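Participant: Below is the structure I would like to discuss, written out as structure tokens.
The values are calculated or read from the model by the stated rules, or taken from the named source; none is laboratory data. All figures in this text were calculated on a predicted structure; none of them were measured in a lab. Note that each Cβ is placed from the backbone with ideal geometry, even for glycine, and that neighbours are counted across all protein chains shown. All accessible areas refer to the heavy atoms of the entire protein, side chains included, with ligands and DNA or RNA removed. Shrake-Rupley method; radii C 1.70, N 1.55, O 1.52, S 1.80 Å.
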Amino acid sequence: MKLHPFFTYFGGKYRAAPKYPAPKHNHIVEPFAGSAGYSTRYHDREVTLIEASEEIAGIWDYLIHVSVADVLALPLLEPGQSVDSIAVSQEAKWLIGMWVNPGSSQPKKTLSTWTSNDGCTRLFKFWGAPVRERIASQVDQIRHWQVKLGRYEDLVDPDTTATWFVDPPYQKMGKHYRHGAAQLDFGFLGYVCQSLQGQVIVCENEGADWLPFRHLAHVRSNQANSGRTTSAEVIWTNEIERTESA
Ligand SMILES: C[S@@+](CC[C@H](N)C(=O)[O-])C[C@H]1O[C@@H](n2cnc3c(N)ncnc32)[C@H](O)[C@@H]1O
């Protein structure tokens with residue numbers, strides 16, 4: 001079964017995931033989870049998500065454990081109604097909040113007037129019955145996933161052999177995140193990426209210089225806060241390095 005995104009996130013990799021190498025290991029670790037676009041494409045693997053944002057980690061914990069019936073019972077929003085006014089768990093509010101302003105880096109509260117009209121909420125773009133039903137149809141597929149709340153610096157186990165999909169806030173453009181590039185030591189992250197066991201895939205944007213990245217593709221972006229429509233994605237993998245030095 002092919003899964004669709006559970007929510008969309010600034011810089012999310014669901015759309016671009018097929019351009020990256022396929023996982024060679026049964027265990028995928030995303031130390032910068034966001035909306036976990038890569039793992040969503042390979043959801044039947046063992047998946048470990050690490051995420052510093054309480055909201056994003058909370059959404060994943062909710063999705064992994066919520067019943068199908070509870071998703072289907074989530075309320076829709078009236079035009080102008082705030083997510084805060086609905087009687088659901090905090091995690092469910094965060095999930096709905098990500099669908100109120102898709103492609104952003106944190107949940108929002110209220111659908112704007114134009115997005116709350118029937119046409120928009122009937123599409124798979126904003127919080128509405130189709131999105132709710134699609135999420136409900138998918139939650140049983142990720143019961144085996146696990147999510148850890150905290151910083152990768154504290155939670156990554158360097159002895160774990162896995163496919164590591166490393167997609168940190170962009171070094172040059174990651175300013176939209178609350179847990180953004182300003183809080184990251186990219187020199188240290190580069191060292192960690194080169195030390196990990198297994199297959200290591202690192203994502204960045206053109207201009208990043210903390211690993212010897214190469215061009216991957218121009219991909220359509222879902223960057224809610226910028227006017228850019230394509231993003232020049234670059235990649236580093238430990239496999240290329242090994243092949244080149246072999
Ligand atoms: C570019 S997004 C990941 C996008 C993801 N690949 C997707 O498909 O949606 C980066 C994520 O890393 C999180 N983050 C930032 N600093 C972190 C840290 N030190 N440890 C763990 N997560 C962090 C951010 O909150 C954000 O959710």
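Participant: Using heavy-atom solvent-accessible surface (probe 1.4 Å) with all chains present, what is the largest-first order of 98, 1?
Facilitator: Values: 98 0, 1 130 Å².
The ranking, largest first, comes out as 1, 98.
Participant: What is the distance, in nm, between label points placed 7 Å from the Cα along the Cα-to-Cβ direction at residue 73 and at residue 159?
Facilitator: That separation, rounded to one decimal, is 4.4 nm.
Participant: Here is a further query. With a sphere of radius 9 Å drawn around the Cβ of residue 109, what net charge do the other residues whose Cβ falls strictly inside it have (Lys, Arg +1; Asp, Glu -1)?
Facilitator: Details: positive: 93, 108; negative: 84.
Result for the local shell: +1.
Participant: Using 0.36 nm per residue, how much length does the chain from residue 146 to residue 42 gain when fully extended, once their Cα-Cα distance is taken away? Could you put the intermediate results ahead of the total?
Facilitator: Numbers: separation 104, 0.36 × 104 = 37.44 nm, distance 1.43 nm.
Extending this stretch completely gives an extra 36.0 nm.
Participant: Just list whichever of 13/108; 93/125; 109/172; 24/172 have alpha carbons separated by over 24 Å in the model shown. Walk me through the numbers on the way to the answer.
Facilitator: Working: 13/108 21 Å; 93/125 17 Å; 109/172 28 Å; 24/172 30 Å.
Flagged as over cut-off: 109/172; 24/172.
Participant: So for the chain, what percent of the C-alpha to C-alpha distances run longer than 28 Å?
Facilitator: Working: 9206 of 30135 pairs.
Pairs farther apart than 28 Å: 31 percent.
Participant: How many nm separate the modelled label positions at residue 27 and residue 197, each set 7 Å beyond the Cα in the direction of the Cβ?
Facilitator: Label at residue 27, label at residue 197, 0.8 nm between them.
Participant: Seen from all sides and averaged, what is the projected area of the convex hull of the Cα atoms in segment 54-95, in nm²? Present the calculation step by step, with values, prior to reporting the outcome.
Facilitator: Details: hull surface 12.1 nm².
Mean shadow area of the hull around the Cα atoms is 3.0 nm².
Participant: In whole angstrom, note down how far apart the Cα centers of segment 4-41 and segment 43-58 are.
Facilitator: When both Cα centres are located, 11 Å separates them.
Participant: When DSSP assigns beta bridges and you keep just the ones with both residues in the chain, what percent turn out antiparallel, to the nearest 5? Mind dumping the intermediate values first?
Facilitator: Values: 12 of 28 bridges.
So the antiparallel bridges in the chain amount to around 45 percent.
Participant: If r is the Cβ-Cβ distance from residue 85 to residue 218 and R0 is 35 Å, what FRET efficiency results, to the nearest 0.05? Don't skip to the end; give the middle numbers.
Facilitator: Working: r = 41 Å, r/R0 = 1.17.
Plugging the Cβ-Cβ distance into 1/(1 + (r/R0)^6) gives 0.30.
Participant: Where Lys and Arg each count +1 and Asp and Glu each count -1, what net charge lies around residue 58 among other residues with Cβ under 10 Å from its Cβ? Don't skip to the end; give the middle numbers.
Facilitator: Numbers: positive: 93; negative: 51, 54, 55, 61, 91.
Here the charged neighbours net out to -4.
Participant: Right, another one. Per residue of the chain, what 222 nm ellipticity follows from adding -39500 (n - 2.57) for every DSSP H run with n ≥ 4, rounded to the nearest 500?
Facilitator: On the way: 9 runs with 70 residues, N = 246.
Per the formula, -7500 deg cm²/dmol.
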